[in-house]
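Below is one structure; the comments refer to it alone.
The values are calculated or read from the model by the stated rules, or taken from the named source; none is laboratory data. Values in this document were obtained by computation on a predicted structure and should not be read as measured data. Note: ideal-geometry Cβ built from the backbone for every residue, glycine included; neighbour counts use all protein chains shown.
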Amino acid sequence: MGIRSVMLSIILTVVLLGLLSAVLTERVVAEPNAPNTITIDTCTETNFNAALASANNGDVIHVRCLTSSPLFPETIVFSAQKPISKSITILGTHPAKGVNLLSGNDATRLFVVNDGHALTLTNITVEHGDSGGSGGCLQVYGSLIALTTTLRHCRTFGLISSPDGGAIYANGANVTLTNTTFYSNTADGDGGGLYAYNSAVYANRSRFESNVAYNHGGGYYQRLGSLRFDATTLTSNTARYRGGGLYTTEVLTLALLFNSRVEFNRATDLTTSLGGGAFFTASWPLVQEAFFTGNRAQQGGGAIYSENSQLALYRTVISGNVAQGYDGSGGVEFRGMNSTGAIYNNLFHSNHSRNGGGLYNAGKLETGYNQFTRNDAYYGGGIYNEKRGTLSLIYTTFEQNDGGSGAGLYSNGRIGTSRNLTFTQNQGAWEGGGFYWYTSTSTSAIMTNVVFLNNEA
């Protein structure tokens, strides 16, 4: 009986192993094919269309152009936009030099990325898209990943409407940008470089340069959704009304971090332009370890204009910004009675405006460990705290600021907790070389451990 039991066990084991092997073999056979690379060596629109039609989800279309242009990059000119209804990658690396180009020839948008699908652009230039609707080069309703890509000379234009998103219009989308450049794009409406509505956008080591919006957000515009910029630069962009570099509204997850730079942007309308560098409204911006340099608004907020927002500004340099209007700040202008802000460990240097050269407060603002140096304004060279403002200051230095009244600090509002302040070498033309307090029955100022040294008025 023992021998029979052993033999039966061996037979059963062999049968089970055979069945298992058959199942595993069947599973291997049933697995989908690995992603395929479709190479275009003769770069024409016809060949691109054929590659796009034959591609499956996950495939790579390599615009190589080795046959038609073996030595130099080549351009494929589109006569019509291409719908993306599968998830693919377009690679533009030229085998000899640089990257190849896709052009709308100033006549058409290039791509529409449909909902539920993803387009990845890698090492390629997308240019000269033109549309009477939003999104000069791309409309994105699904996902876009751009890696070492350039979008340039794209535009939207409308005789009646004002379409948005000079290069990209994203609606309900996911957009990830890495080492990607938006250059010299134009929107007849908002978002000269990129317009995002209710989208999640992340940009890392990317650049928005010389883009123009005829309304708001010269470089970038977003309403709703989330936004994060890491080590990303917005430079030399222009908007007519709000946000020369950047405009956000109702964006509750918003961060500019890690050496991001907002510099030399402009908001140009002579009577209503605000936020030369950035304009935040009804948003929760976190700005940390960033640089705002050389931005200009005709009215208020040369660097940043924040209204009805919860602004957090940490370890950032605000330098050389200008607001030329009657009422506003050259550096940061903070407004909104229901808004609270926190501004800590920043440098405000050499900013200029009529009121509040470095900082203008008309909300509830807590500040500390900041330096205000060489700013100038008629009222409040360093800080102007207006009658609707509540301002708390700790461990703050005002040095070599200039003004008519209150060269360091001018307050017509409430001064909350204030201690460990230093006013040195500030110069007022009229009164209050260091600090001028415009008293009224509704205001108060209690300061402890304050040093005044070599101020003049």
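List the number of the failed condition for S329; all other conditions in (1) of a type in the set (S, T, Y); (2) under 19 Å from F291 (Cβ atoms); (3) in a strand (DSSP E or B) hold. Here S329 meets the rest and fails (3).
Just so you know, in region 140-161 the residues that are more than 18 Å from the chain's Cα centre (by Cα) and either at pLDDT below 95 or not in a loop (DSSP other than H, G, I, E, B) (or both) include one that is surrounded by the most Cβ atoms within 10 Å (Cβ to Cβ), and it is T156. A Cβ distance below 7 Å, combined with a sequence gap of six or more or placement on separate chains, defines the contacts here; from region 45-61, residues that are on the phi < 0 side of the Ramachandran plot reach residues that are of a type in the set (D, E, K, R) in the pairs L52/K82; A55/K86; N56/K86; N57/K86. Cβ-Cβ under 7 Å, sequence separation 6+ or interchain: first residue in region 87-100 and among the β-branched types (V, I, T), partner in a loop (DSSP other than H, G, I, E, B). Which pairs? Close Cβ pairs (under 7 Å, with a partner that is in a loop (DSSP other than H, G, I, E, B)) amount to I88/A55; I88/D59; V99/P73; V99/G92.
Just one of the listed residues (L234, L224, L270, L254) is closer than 14 Å to S306 by Cα and either free of Cβ contacts under 8 Å to residues at least 60 places away in the same chain or surrounded by fewer than 24 Cβ atoms within 10 Å (Cβ to Cβ) (or both), and it is L254.
For region 313-358, name all the residues that are within 15 Å of R388 (Cβ to Cβ) and either free of Cβ contacts under 8 Å to residues at least 24 places away in the same chain or of a type in the set (A, V, I, L, M) (or both). If the condition is that a residue be within 15 Å of R388 (Cβ to Cβ) and either free of Cβ contacts under 8 Å to residues at least 24 places away in the same chain or of a type in the set (A, V, I, L, M) (or both), then M337 is the only one that fits.
Screening L359, L393, L409 for residues that are within 16 Å of S306 (Cβ to Cβ) and either over 35 Å from the mean Cα position of the chain (by Cα) or buried (at least 24 other Cβ atoms within 10 Å of the Cβ) (or both) leaves exactly one candidate, L359.
The C-beta contact set for region 402-415 (first residue over 10 Å from E386 (Cβ atoms), second residue in a strand (DSSP E or B) and among the charged types (D, E, K, R), distance under 7 angstrom, 6+ apart or interchain) comprises D402/D376; G403/D376; S405/E431.
Close contacts from region 156-179, counting a first residue that is farther than 16 Å from Y202 by Cβ and a second that is of a type in the set (D, E, K, R), with Cβ to Cβ under 6 Å and a gap of 6+ residues or different chains, come to T156/D188; F157/D188; G158/D188; S162/D188; P163/D188; D164/D190; G166/R155.
Kindly check whether there is at least one residue in region 180-192 that is of a type in the set (V, I, T), part of a loop (DSSP other than H, G, I, E, B) and without any contact (Cβ under 8 Å) to a residue 12 or more places away in the chain. Looking through region 180-192, none of the residues is of a type in the set (V, I, T), part of a loop (DSSP other than H, G, I, E, B) and without any contact (Cβ under 8 Å) to a residue 12 or more places away in the chain.
Every test in (1) outside any strand (DSSP E or B); (2) under 22 Å from the mean Cα position of the chain (by Cα) is passed by D115 save one, and that test is (2). Looking at region 392-457, the strands (runs of 3 or more DSSP E) lying wholly inside it that each contain 3 or more residues that are β-branched (V, I, T) sit at 414-424, 445-453.
Within region 43-93, the set of residues being closer than 16 Å to L144 by Cβ, in a loop (DSSP other than H, G, I, E, B) and either touching a helix residue (DSSP H, G or I) at 6+ places or on another chain (Cβ under 6 Å) or of a type in the set (K, R) (or both) comprises K86 only.
What are the residues in region 416-446 that are surrounded by 15 or more Cβ atoms within 10 Å (Cβ to Cβ), hydrophobic (A, V, I, L, M, F, W, C), over 15 Å from G381 (Cα atoms) and at pLDDT below 90, if any? Matches in region 416-446: A445 only.
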